[in-house]
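Report on the following structure.
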There are 4 protein chains.
Amino acid sequence: MRKFQIGVMGSAADLKYAKDAEKAAERLGYLIAKKGGILLFGAEKDYDSLSTAACRGAKKVDGITVGITYGKRKDIVEKDVDVVIPCGLDRGGGREFVLILGCDAVIAISGGSGTLTELAVAYQADIPMVALKGFGGWADKLADTYFDGRNRRKVISASSPEEAVKVAFAEAKKYREKYELA
Amino acid sequence: MRKFQIGVMGSAADLKYAKDAEKAAERLGYLIAKKGGILLFGAEKDYDSLSTAACRGAKKVDGITVGITYGKRKDIVEKDVDVVIPCGLDRGGGREFVLILGCDAVIAISGGSGTLTELAVAYQADIPMVALKGFGGWADKLADTYFDGRNRRKVISASSPEEAVKVAFAEAKKYREKYELA
Amino acid sequence: MRKFQIGVMGSAADLKYAKDAEKAAERLGYLIAKKGGILLFGAEKDYDSLSTAACRGAKKVDGITVGITYGKRKDIVEKDVDVVIPCGLDRGGGREFVLILGCDAVIAISGGSGTLTELAVAYQADIPMVALKGFGGWADKLADTYFDGRNRRKVISASSPEEAVKVAFAEAKKYREKYELA
Amino acid sequence: MRKFQIGVMGSAADLKYAKDAEKAAERLGYLIAKKGGILLFGAEKDYDSLSTAACRGAKKVDGITVGITYGKRKDIVEKDVDVVIPCGLDRGGGREFVLILGCDAVIAISGGSGTLTELAVAYQADIPMVALKGFGGWADKLADTYFDGRNRRKVISASSPEEAVKVAFAEAKKYREKYELA
């Protein structure tokens with residue numbers, strides 16, 4: 001069976017997240033790789049991010065990581081990565097869109113407007129979302145809520161990286177079954 | 001000078017908005033056209049929406065309307081429209097992205113996950129946003145707030161279609177000046 | 001009935017086309033507008049193009065023109081234009097894609113790799129193509145040919161702007177009927 | 001150093017290519033994987049293709065393969081693949097665009113309008129192209145030519161899979177150096 005593709009989304013470095021959030025994001029990546037998942041992350045060209053921290057965590061156990069970036073070239077900040085896909089679409093809706101469609105489930109931690117866009121896109125595309133609580137941002141605000149009256153899919157909350165990853169894999173499995181994706 | 005391109009975003013019909021909201025959306029389109037603006041709206045292929053209602057309002061005074069749709073063909077529900085641009089990008093992040101980039105300012109009314117995506121994209125692209133309050137949804141929730149700690153741009157609130165359109169044009173003018181767009 | 005959306009594609013100024021080609025492109029735009037069509041063109045941010053020349057032609061008779069550009073902002077070279085849609089997709093495949101999907105028929109004149117991409121995309125999307133012959137480039141090379149063994153649609157050749165526009169409108173009408181686009 | 005990402009592009013099964021072409025495409029994938037490259041291919045949802053045959057070749061030696069598909073879901077024909085990225089963009093310009101931007105070099109074999117689009121996009125994005133000759137289609141037609149008077153990059157011809165892959169890796173290396181991609 002094809003490996004699960006799990007995304008980790010979260011604040012970029014210009015939002016000045018805490019060291020604790022970075023550690024939790026790294027741990028998410030580590031756990032995803034350890035369970036045999038492929039990590040998808042939003043690769044930045046200018047600064048670090050919680051999404052990129054997850055890539056570093058995954059590489060500690062030699063997991064496969066895929067960075068989705070914007071623009072035309074593969075010039076991303078993180079160098080230890082397996083695959084880079086530039087999607088020729090600007091940051092801010094476009095890149096986020098390709099990034100989310102590549103995921104079987106998404107874990108959010110903290111997060112500003114980029115993470116919000118990603119979660120809204122995931123909701124619209126009916127892709128499972130898990131919010132790791134305790135680090136503020138949109139992940140905390142949206143945990144346990146629906147995005148609108150369609151009640152399509154609730155953002156599932158988790159209180160530890162371990163729980164978040166466990167739930168993400170379980171939801172990814174259900175997602176594949178729902179859409180009959182091998 | 002090139003006319004201002006103003007977008008109206010809001011709930012789609014499957015979210016069962018009130019007749020009042022539809023009237024307000026139509027009035028937004030009417031006022032935008034009357035002031036000489038070009039209306040941009042998200043053209044749907046399956047049902048009506050507040051965004052499409054704005055198109056109907058604009059056509060009452062023969063304004064130019066541009067429907068941005070998804071997929072490959074120009075098969076949209078609304079027939080009285082000037083220009084249709086299919087962007088080959090799925091609904092849910094992709095189409096919304098092209099739609100927002102086309103706007104010099106955006107007015108939101110009510111709105112579910114689609115409107116949320118559009119506003120988040122507008123924030124990321126630094127495009128002015130006005131929320132017409134009083135109809136629930138994300139427009140009400142986000143009025144007078146920033147999307148994150150970057151405090152890039154606040155969602156300006158308005159209490160009537162008249163006020164919303166007036167503010168949108170004023171902000172569109174400033175937006176063009178800021179980015180030196182003729 | 002919604003107006004036909006006709007695109008004119010051709011070389012950009014860095015390909016140093018002849019004054020004659022520019023005049024022919026302007027005439028194409030002029031004739032499209034005169035027949036009541038909406039002109040779609042690829043709006044550039046750095047230099048002139050035959051596509052932009054068509055926009056100038058259309059504006060002589062006050063036709064509606066829509067410039068599809070790449071990137072995030074509406075900063076295009078041509079200032080006399082009605083609608084500008086930045087599609088957040090780089091030049092080179094992305095922008096060309098949105099541009100072509102907006103057309104009910106496409107007229108090509110001369111043209112380098114950009115025009116080639118646009119025609120190949122039109123073929124793949126089954127959108128009618130007319131090549132105005134006599135100005136070299138890919139329009140001349142592809143006139144009266146199919147793109148592959150699928151024989152989906154031949155690039156129709158024309159020997160004057162008048163003939164090209166006449167054929168383009170006739171084909172646009174058939175295209176709309178084929179896909180039941182109102 | 002990050003592994004080279006090499007794409008193999010070619011006819012889809014509805015173009016009825018010869019068994020020989022399929023074998024050559026498989027061999028391309030095999031050789032790319034053997035040299036430690038990551039194979040990028042255009043993953044189809046409806047039928048086989050030379051691009052997909054290359055994926056099968058790469059999996060024989062357990063290479064990493066990345067399928068770029070269109071639409072919203074990861075429902076592709078080939079099941080033995082490592083990573084699938086749906087880009088929410090229709091086939092015909094959009095998907096091809098993301099697919100090409102992901103490559104450090106592209107090898108074409110035979111090929112109809114899809115392959116033509118891909119090569120034209122590669123030329124526009126200045127990505128190295130190799131044409132494996134002897135199987136007809138656009139690869140044969142474009143071998144040893146430039147796409148336009150800009151003479152940006154010639155389609156390098158190769159007479160065997162071995163030569164094609166050797167040249168592709170050498171060109172990929174130069175491409176990374178040119179754009180300073182780690």
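The values are calculated or read from the model by the stated rules, or taken from the named source; none is laboratory data. This one's a predicted model, so the numbers in the text were calculated from it and none came from an experiment. All Cβ positions, even for glycine, are placed from backbone atoms using ideal geometry, and neighbour counts span all protein chains on display. The accessibility values were calculated without ligands, DNA or RNA, using every heavy atom of the protein model including side chains. Shrake-Rupley method; radii C 1.70, N 1.55, O 1.52, S 1.80 Å.
In this structure, is A:Thr69 touching a residue at least 24 places away in the same chain (Cβ under 8 Å), of a type in the set (Val, Ile, Thr), open to solvent by less than 10 Å² (accessible area, probe 1.4 Å) and in contact with a Pro (Cβ under 6 Å, 6 or more places away or on another chain)? Answer is yes for this residue. Going by what's in this entry, would D:Lys133 be described as within 14 Å of chain C (Cβ to nearest Cβ), out of contact with any Gly (no Cβ under 6 Å at 6 or more places or on another chain) and among the basic types (Lys, Arg)? In short, no.
Screening C:Leu40 against (1) in a loop (DSSP other than H, G, I, E, B); (2) touching a residue at least 40 places away in the same chain (Cβ under 8 Å); (3) not aromatic (Phe, Trp, Tyr) leaves a single unmet condition, (1). Taken together, the residues in region A:1-26 that are open to solvent by less than 40 Å² (accessible area, probe 1.4 Å), away from chain B (no Cβ under 13 Å) and either aromatic (Phe, Trp, Tyr) or outside any helix (DSSP H, G or I) (or both) amount to 6. For the criterion of being touching a strand residue (DSSP E or B) at 6+ places or on another chain (Cβ under 6 Å), small (Gly, Ala, Ser) and at positive phi, A:Gly67 fails. Of the set (1) of a type in the set (Gly, Ala, Ser); (2) within 7 Å of another protein chain (Cβ to nearest Cβ); (3) more than 20 Å from D:Tyr70 (Cβ to Cβ), all apply to B:Gly94 but (3).
Would it be correct to say that A:Ile107 is more than 8 Å from chain B (Cβ to nearest Cβ), surrounded by 24 or more Cβ atoms within 10 Å (Cβ to Cβ) and within 15 Å of the chain's Cα centre (by Cα)? Yes: the conditions hold for A:Ile107.
Taking region D:27-54, which residues are within 12 Å of another protein chain (Cβ to nearest Cβ), closer than 20 Å to A:Arg176 by Cβ and either surrounded by 21 or more Cβ atoms within 10 Å (Cβ to Cβ) or among the hydroxyl-bearing types (Ser, Thr, Tyr) (or both)? Listed by number, the list holds a single entry, D:Ala43.
Yes or no, residue by residue, for (1) crowded, with 24+ Cβ neighbours inside 10 Å; (2) in contact with a Ser or Thr (Cβ under 6 Å, 6 or more places away or on another chain); (3) β-branched (Val, Ile, Thr):
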{"residue": "A:Asp62", "(1), (2), (3)": "no, no, no"}
{"residue": "A:Lys74", "(1), (2), (3)": "yes, no, no"}
{"residue": "A:Val77", "(1), (2), (3)": "no, no, yes"}
{"residue": "A:Asp82", "(1), (2), (3)": "no, yes, no"}
{"residue": "A:Arg91", "(1), (2), (3)": "no, no, no"}
{"residue": "A:Arg95", "(1), (2), (3)": "yes, no, no"}
{"residue": "A:Val98", "(1), (2), (3)": "yes, no, yes"}
{"residue": "A:Cys103", "(1), (2), (3)": "yes, no, no"}
{"residue": "A:Gly112", "(1), (2), (3)": "yes, yes, no"}
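The conditions of being within 14 Å of the chain's Cα centre (by Cα) and either over 28 Å from B:Tyr70 (Cα atoms) or not charged (D, E, K, R) (or both) are not met by B:Ala143. For region D:137-182, the candidate set comprises residues that are touching a residue at least 60 places away in the same chain (Cβ under 8 Å) and touching a Pro at 6+ places or on another chain (Cβ under 8 Å); within that set, the residue that is nearest to D:Phe4 (Cα to Cα) is D:Ala172. Restricted to strands (runs of 3 or more DSSP E) entirely inside region B:67-182, those with at least 1 residues that are of a type outside the set (Asp, Glu), under 30 Å from D:Gly93 (Cα atoms) and modelled with pLDDT under 95 are B:83-86.
Selection of region A:48-61 for residues being touching a strand residue (DSSP E or B) at 6+ places or on another chain (Cβ under 6 Å) and not in a helix (DSSP H, G or I) yields only A:Ser49. You will find that of D:Val121, D:Val106, D:Val84, the residue that is of a type in the set (A, V, I, L, M) and more than 19 Å from D:Gly29 (Cα to Cα) is D:Val121 and no other.
Tallying residues that are farther than 14 Å from D:Thr145 by Cα and open to solvent by less than 10 Å² (accessible area, probe 1.4 Å) within region D:114-125 yields 4. Restricting attention to region B:136-178, the residues that are within 14 Å of chain A (Cβ to nearest Cβ) and either under 28 Å from C:Asp82 (Cβ atoms) or open to solvent by 60 Å² or more (accessible area, probe 1.4 Å) (or both) add up to 8. Taken together, the residues in region C:55-91 that are within 14 Å of chain D (Cβ to nearest Cβ) and in contact with a Cys (Cβ under 7 Å, 6 or more places away or on another chain) amount to 3.
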